[in-house]
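One structure below.
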């Protein structure tokens, strides 16, 4: 009697996902039966023109068919990352999703290098990711997409994003603004950690040729729309009321 009841049940494991879907068969009209109604069968009753007569899926490889493997609810609120992580040069960072319900899950880690406008896949090898950022990685965002391979009806969970922030200030000593796309701009890494900073640049005569209270790495050796001569210029960067950095920057176009 139990076998007959189960044979008539379209969701044998009671997890809300139809057996035919979890088994990996074709059911485009989602009525719980193989094929689309009205179905076409052959002389022995086999449904035609569908994927139906193969081994049912066992995507988590636990020796239990997925359509018989009940999937309990997961509290995805446990799956969170820190909103921001600071790093120094040559310092490795480990991002990890730690939870008691982490077994039998797929983890797809992603990175965004354009302020979260787009993410690209980088690793799917487990619930942790080791990042070895360099100073030019300042501002990258990381996140993870989690799903259960044995539950095809599952809606993938997308974690919050972690921002990777350089925790010091790196000031390049030169630029080559020749339009080749390499080192054309004076990129001060980590300055975004100091919202009230001021950047000022002077020539050898002490004439101010550039100043910004919200520097966006935009200086490329120009003054009032014209290219400055190659040579040494001097900068003063006020990070805060009590911290000022001074030095020189060399401009060479060719």
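Comparing 179, 16, 190 in a Gaussian network model of the chain, where Cα atoms under 10 Å apart are tied by springs, the biggest mean-square fluctuation is seen for 179. Packing here is the average count of other Cβ atoms within 10 Å per residue, and on that basis the peptides 82-93, 21-32, highest first, run 21-32, 82-93. Estimated from the Cβ-Cβ distance and a Förster radius of 22 angstrom, the FRET efficiency linking residue 94 and residue 171 is about 0.15. Comparing mean-square fluctuations of 149, 38, 56 from a GNM of the chain with C-alpha springs under 10 Å, the top value falls on 38. The modelled label-to-label distance for the pair residue 214/residue 236, using points 7 Å beyond Cα in the direction of Cβ, is 2.3 nm. For the pair residue 250 and residue 204 in one chain, pulling the backbone fully straight at 0.36 nm per residue adds 15.4 nm over the alpha carbon distance. When both bridge partners sit in the chain, DSSP labels roughly 85% of those beta bridges antiparallel.
For the chain, modelled as a Gaussian network with Cα springs under 10 Å, which listed residue fluctuates most, 39, 188, 74? Comparing 39, 188, 74 in a Gaussian network model of the chain, the most mobile one is 39. If you plug the beta carbon distance of residue 29 and residue 120 into 1/(1 + (r/R0)^6) with R0 = 35 Å, you get a FRET efficiency near 0.50. Between (i) 23.4; (ii) 17.6; (iii) 20.4, which entry matches Kirkwood radius over Cα pairs in Å as derived from the coordinates of this structure? Here the calculated entry is (i).
Explain nothing, just the number: relative contact order of the chain, from Cα pairs under 8 Å at least 6 residues apart, as a whole percent.
Averaging sequence separation for qualifying contacts and normalising by length gives 13 percent for the chain.
For residue 153 and residue 182, a Förster radius of 30 Å and the Cβ-Cβ distance give a FRET efficiency of 0.05, rounded to the nearest 0.05.
Laboratory data are not the source of any read-out in this text; all were calculated from the coordinates shown. Note that the structure is predicted; figures quoted are calculated from it, not measured. For neighbour counting, all protein chains shown are included, and Cβ atoms are generated from backbone atoms with ideal geometry for every residue, glycine included.
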